Amino acid sequence: IAGCLAFGLFIGAQFLSSAPTTTTRLPAGVNADTGPGADREIAMLQGKLQLAAHDEPILGSPDAPTLLCVMFDYCCPHCRRTHQYLQTALQEFPGELAVVALPTPRDADCNPAIEETEPRFEHACELAQLALAVWAADRSAFPEFDRWLFENSKPRTPEEALAKAQELVSANELDNAQQDSRVMGKITRNVQAYAES
């Protein structure tokens, strides 16, 4: 309950504050947002992670006045609950709120900070890679795939996820996207930034 309340207060505070309007270069060592526009950039984790809003998987518009950057794992039960709250917030504030999705698997196969993978996270890297491949193949398909990955009470298997991905994008597009260096690059960047925070 406390977590839900804190999350609600965070959402409320975002809407009570005015949207950033600056379009200057992001300063080093601080969190910042250059504001809506094609060149929108965000810095989080005290500037350690810098993102181009229009080049990240996102739920909603990258030009929404309020962006929430969320690091998560598709196998994490707490992330599953948080995702439900985020979906509710997106429905309640259409056009005002968007969520930048930053898959950060807790799986030693792609996260060097994890020494031994817990059984519940054993497919976290595969699911994150597949989600980002769907995004790379067809950005408009990502929100549906992301929602589907989280809607079950337990994590999807890689086989189920691949079948669903192939429903949303062609097998050829998906195969090409899986070879896209941005897919693993984003995961590597996310886990490194999380480990350093």
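Structure notes:
- Flag if residue 81 is without any contact (Cβ under 8 Å) to a residue 24 or more places away in the chain and open to solvent by 60 Å² or more (accessible area, probe 1.4 Å): yes
- Pairs where the first residue, in the range 63-76, is in contact (Cβ under 8 Å) with a residue 60 or more places away in the chain and the second is charged (D, E, K, R), C-beta under 7 Å, 6+ apart: 75/120
- Here residue 44 qualifies as within 20 Å of residue 28 (Cα to Cα) and in contact with a strand residue (DSSP E or B) (Cβ under 7 Å, 6 or more places away or on another chain).
- Scanning the range 35-61 for residues that are free of Cβ contacts under 8 Å to residues at least 24 places away in the same chain, assigned to a loop (DSSP other than H, G, I, E, B) and in contact with a helix residue (DSSP H, G or I) (Cβ under 9 Å, 6 or more places away or on another chain) yields 38, 39, 40.
- Here 96, 92 are screened, and the one residue that is in contact with a Ser or Thr (Cβ under 9 Å, 6 or more places away or on another chain), more than 19 Å from residue 124 (Cα to Cα) and surrounded by fewer than 22 Cβ atoms within 10 Å (Cβ to Cβ) is 96.
- Positions within the range 102-161 being acidic (Asp, Glu), in contact with a Cys (Cβ under 7 Å, 6 or more places away or on another chain) and open to solvent by 10 Å² or more (accessible area, probe 1.4 Å), in sequence order: 109
- Taking first residues from the range 176-197 that are closer than 12 Å to residue 112 by Cβ and partners that are in a helix (DSSP H, G or I), the Cβ contacts under 6 Å between residues at least 6 apart in sequence or on separate chains come to 187/128.
- Qualifying residue in the range 179-189 (condition: over 30 Å from residue 31 (Cβ atoms) and open to solvent by 90 Å² or more (accessible area, probe 1.4 Å)): yes
- Within the range 62-89, the set of residues being closer than 15 Å to residue 104 by Cβ and either in a loop (DSSP other than H, G, I, E, B) or aromatic (Phe, Trp, Tyr) (or both) comprises 72, 73, 74, 75, 76.
Residues are listed down the side, and each one gets a yes or a no for (1) at pLDDT below 95; (2) aromatic (Phe, Trp, Tyr); (3) over 26 Å from residue 196 (Cα atoms); (4) open to solvent by less than 60 Å² (accessible area, probe 1.4 Å):
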residue: 22; (1), (2), (3), (4): yes, no, yes, no
residue: 26; (1), (2), (3), (4): yes, no, no, yes
residue: 49; (1), (2), (3), (4): yes, no, no, yes
residue: 61; (1), (2), (3), (4): no, no, yes, yes
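- Taken together, the residues in the range 106-140 that are within 22 Å of residue 168 (Cα to Cα), free of Cβ contacts under 8 Å to residues at least 40 places away in the same chain and part of a loop (DSSP other than H, G, I, E, B) amount to 1.
The values are calculated or read from the model by the stated rules, or taken from the named source; none is laboratory data. This is a predicted model, so every value here is computed, not measured. Using ideal geometry, Cβ is built from the backbone for each residue, glycine included, and neighbour counts are taken over all protein chains shown. For the accessible areas, the whole protein counts, side chains as well, though only heavy atoms, and no ligand, DNA or RNA atoms are used. Shrake-Rupley method; radii C 1.70, N 1.55, O 1.52, S 1.80 Å.
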